[in-house]
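Trainee: One structure is given below, represented as structure tokens, and several questions about it will come after.
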Amino acid sequence: MDNAPDSSGWDAEAASFDAEPDHGLHSPRVREAWRTLLTSLLPPAPARVADLGCGTGSLSLLLAEDGYAVDGLDFAPEMVRRAQAKAGTFPDTSFRVGDAADPDLPRGSFDVALCRHVLWALPDPGTVLERWVELLAPDGRLVLVEGSWSTGAGLTAAQTITLVESAGLEARLRPLPDAELWGKRISDERYAVVGRRTRLA
């Protein structure tokens, strides 16, 4: 497609992407920290999860190991290839090449739309969030892991909450300062925001 995003940069990054502790989850302590976090934010397995901008699939596979059904989507073919290699024939897990900003996934069928460190880099994040909300089943939830980094890039928690609320969801903030999540001590703002539809009284 003429409007498809250019994946060449991320394809080139794929070989070294998992070197970051929170990307590869090679450390048992980091891996367990992410497992504990996700368990606290997601509904119980076997919920269906759309992992948007899944990279090499580390979070997807972590969830699959716990019994979740996971559909991973990334616009970089090499990232998807590596995710598929990690997952092998793991049940209820699939990866495909696609644009996380406009995901070609079945609407209204996911219990969770999960995205880590992608929203900040997308143009028009408000429109993107509206599309992600469309993926959710009636009681589904949006789970965003984002940050405002020392480089000046990213989204503040306040910005993300405003975006989630503008998409028609209630937003709940969870700060993520724990060094075990990142494999090192951090001094910038990292957090999760969970968005859910407003419940009628």
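The values are calculated or read from the model by the stated rules, or taken from the named source; none is laboratory data. Every value quoted in this text rests on a predicted model; they were computed, and no experiment measured them. No Cβ is skipped: glycine too gets one built from the backbone with ideal geometry, and neighbour counts run over all protein chains shown.
Trainee: Could you check Glu65 against (1) closer than 30 Å to Pro123 by Cβ; (2) at pLDDT 90 or above and say which number it fails?
Mentor: In the conditions (1) closer than 30 Å to Pro123 by Cβ; (2) at pLDDT 90 or above, Glu65 misses (1) alone.
Trainee: For the stretch 174-191, give me each residue that is free of Cβ contacts under 8 Å to residues at least 60 places away in the same chain and surrounded by fewer than 19 Cβ atoms within 10 Å (Cβ to Cβ).
Mentor: Pro175, Pro177, Ala179, Arg185, Ile186, Ser187, Asp188, Glu189
Trainee: Determine whether Ala87 is touching a Leu at 6+ places or on another chain (Cβ under 8 Å) and either of a type in the set (D, E, K, R) or at pLDDT 95 or above (or both).
Mentor: no
Trainee: If I go through the stretch 52-84 residue by residue, how many of them are closer than 11 Å to Val112 by Cβ and touching a Cys at 6+ places or on another chain (Cβ under 8 Å)?
Mentor: 1
Trainee: Can I ask one more? Just one of Val112, Val143, Val118, Val194 is touching a Cys at 6+ places or on another chain (Cβ under 8 Å), closer than 22 Å to Ala64 by Cα, surrounded by 14 or more Cβ atoms within 10 Å (Cβ to Cβ) and β-branched (Val, Ile, Thr); which is it?
Mentor: Working: Val112 fails: touching a Cys at 6+ places or on another chain (Cβ under 8 Å); Val118 fails: touching a Cys at 6+ places or on another chain (Cβ under 8 Å); Val194 fails: touching a Cys at 6+ places or on another chain (Cβ under 8 Å).
Of the residues listed, the single one that is touching a Cys at 6+ places or on another chain (Cβ under 8 Å), closer than 22 Å to Ala64 by Cα, surrounded by 14 or more Cβ atoms within 10 Å (Cβ to Cβ) and β-branched (Val, Ile, Thr) is Val143.
Trainee: Tell me, which strands (runs of 3 or more DSSP E) lie completely within the stretch 84-173 with 3 or more residues that are within 15 Å of Glu189 (Cα to Cα) and in contact (Cβ under 8 Å) with a residue 12 or more places away in the chain?
Mentor: Ranges flagged: 136-148.
Trainee: Could you check Asp124 against (1) within 23 Å of Phe75 (Cβ to Cβ); (2) crowded, with 17+ Cβ neighbours inside 10 Å; (3) not aromatic (Phe, Trp, Tyr) and say which number it fails?
Mentor: Asp124 satisfies all of (1) within 23 Å of Phe75 (Cβ to Cβ); (2) crowded, with 17+ Cβ neighbours inside 10 Å; (3) not aromatic (Phe, Trp, Tyr) except (2).
Trainee: For the stretch 75-82, check the following and say yes or no: at least one residue is within 14 Å of the chain's Cα centre (by Cα), modelled with pLDDT of 95 or more and not in a helix (DSSP H, G or I).
Mentor: Within the stretch 75-82, none of the residues are within 14 Å of the chain's Cα centre (by Cα), modelled with pLDDT of 95 or more and not in a helix (DSSP H, G or I).
Trainee: Still on this structure: From Asp71, Asp92, Asp111, which residue is modelled with pLDDT under 95, among the acidic types (Asp, Glu) and touching a strand residue (DSSP E or B) at 6+ places or on another chain (Cβ under 9 Å)?
Mentor: Working: Asp71 fails: modelled with pLDDT under 95; Asp111 fails: modelled with pLDDT under 95.
It is Asp92.
Trainee: Mind listing just one residue for me: the one in the stretch 12-57 that is under 14 Å from Lys184 (Cα atoms), among the charged types (D, E, K, R) and touching a Leu at 6+ places or on another chain (Cβ under 9 Å) and, of those, surrounded by the most Cβ atoms within 10 Å (Cβ to Cβ)?
Mentor: Among residues in the stretch 12-57 that are under 14 Å from Lys184 (Cα atoms), among the charged types (D, E, K, R) and touching a Leu at 6+ places or on another chain (Cβ under 9 Å), the one surrounded by the most Cβ atoms within 10 Å (Cβ to Cβ) is Asp22.
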